[in-house]
Ligand code: SF4
């Protein structure tokens, strides 16, 4: 079928900044289609390193406009109880995609675009890129027939824009599976050589992070602040429910010191090389002593019988000292999340 209208064809791209979504945009814009790239980011994305935004770099390189959309509270609520469950760790991939594709559909409708497309590859990821899962995402996001996956299009039923001749299906690909060899080759041939994040990055697929997040939700803690703290330091949960975090290096110590809130207490061993330790929401003496003992354990005074540990609130001025024995490793192990 050929084009029946002279109206410029428009499409909405989901752009992670990774290789697959970059190639998908190239395949669509090479057909003369107007592309608006949309980049969703949640508190769990790791693709955007400080001072860099992969999606912005890709959109600049491909000369397509970019809209960035942050997913906050709504995403966290979905994450606590995803309709289609979790993958191997805490990754709710189907629900996550349904949310982002639903938002992409809304942008498609607002802007009068003809379809939405992504760099998804059939069979590349076990949870969200099986054929049936891809179909669920299409249906639940309200994109029936208008969600195109150019990298695997030839293995799938033609979409409405393909059937209407708005785009040429012949120019699409039939990639499937986990190997990225074809994509790497294509990237090389198209002069795309700086894909810093080829597989995308999501903390929810990381076991250690998922364990800490599960513990957080089990204790009714779900603020963005608590979630951001999970990215720093060693985390401990006392049997009485309080949370303690210890910095692992200078960077994390600085971060913890800067991030901690008014309701938190901070600790540092007075006469030793010491981490910053944060105790969340408690000022009970016994709990403070536990936090101080953890601080002493990770300080250079760990082999001493007693260590002096300063504690203070949000101001820099120390407000008190506790003299404690460094906590024993077998006890500490029970608290470690
Ligand atoms: S890996 Fe993370 S960002 Fe990607 S679909 Fe799954 S939950 Fe969403």
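The values are calculated or read from the model by the stated rules, or taken from the named source; none is laboratory data. What you see is a predicted model, and the numbers here were worked out from it, not measured in a lab. Note that we place each Cβ from the backbone using ideal geometry, even for glycine, and neighbour counts take in every protein chain shown.
Here residue 268 meets each of (1) touching a helix residue (DSSP H, G or I) at 6+ places or on another chain (Cβ under 7 Å); (2) assigned to a loop (DSSP other than H, G, I, E, B); (3) over 25 Å from residue 214 (Cα atoms) with one exception, condition (2). Exactly one residue out of 206, 95 is within 21 Å of the chain's Cα centre (by Cα), buried (at least 19 other Cβ atoms within 10 Å of the Cβ) and within 16 Å of the ligand (Cβ to nearest atom), and it is 95.
With respect to residue 12, determine if the residue is more than 16 Å from the ligand (Cβ to nearest atom) and outside any helix (DSSP H, G or I). Considered against the rule, which asks whether it is more than 16 Å from the ligand (Cβ to nearest atom) and outside any helix (DSSP H, G or I), residue 12 comes out as yes. All of (1) more than 24 Å from residue 209 (Cα to Cα); (2) modelled with pLDDT under 95; (3) surrounded by 13 or more Cβ atoms within 10 Å (Cβ to Cβ) hold for residue 282 with one exception: (1). All conditions in (1) at pLDDT below 95; (2) surrounded by 15 or more Cβ atoms within 10 Å (Cβ to Cβ); (3) over 20 Å from the mean Cα position of the chain (by Cα) hold for residue 140, with the sole exception of (1). The residues on offer are 115, 101, and the sole one that is touching a strand residue (DSSP E or B) at 6+ places or on another chain (Cβ under 8 Å), within 12 Å of the ligand (Cβ to nearest atom) and at pLDDT 95 or above is 101. The set of residues in region 23-79 being in a helix (DSSP H, G or I), within 13 Å of the chain's Cα centre (by Cα) and in contact (Cβ under 8 Å) with a residue 40 or more places away in the chain consists of 76, 79. All conditions in (1) under 17 Å from the mean Cα position of the chain (by Cα); (2) buried (at least 20 other Cβ atoms within 10 Å of the Cβ) hold for residue 222, with the sole exception of (2). Inspection of region 235-245 finds a residue satisfying the criterion of being buried (at least 16 other Cβ atoms within 10 Å of the Cβ), assigned to a loop (DSSP other than H, G, I, E, B), away from the ligand (no atom under 16 Å from the Cβ) and at pLDDT 95 or above.
Residue-level check: of (1) loosely packed, with under 13 Cβ neighbours inside 10 Å; (2) in a loop (DSSP other than H, G, I, E, B); (3) modelled with pLDDT of 95 or more, residue 82 misses just (1). A Cβ distance below 6 Å, combined with a sequence gap of six or more or placement on separate chains, defines the contacts here; from region 109-127, residues that are in the same structural domain as residue 139 (by TED's automatic domain parsing) reach residues that are in a helix (DSSP H, G or I) and within 11 Å of the ligand (Cβ to nearest atom) in the pairs 127/93.
Taking the numbered list (1) within 16 Å of the ligand (Cβ to nearest atom); (2) surrounded by fewer than 17 Cβ atoms within 10 Å (Cβ to Cβ) in turn, residue 34 passes all entries but (1). Hey, among the residues in region 118-135 that are in a helix (DSSP H, G or I) and within 13 Å of the ligand (Cβ to nearest atom), which one's farthest from residue 155 (Cα to Cα)? Step by step, filter region 118-135, then rank; the result is 133.
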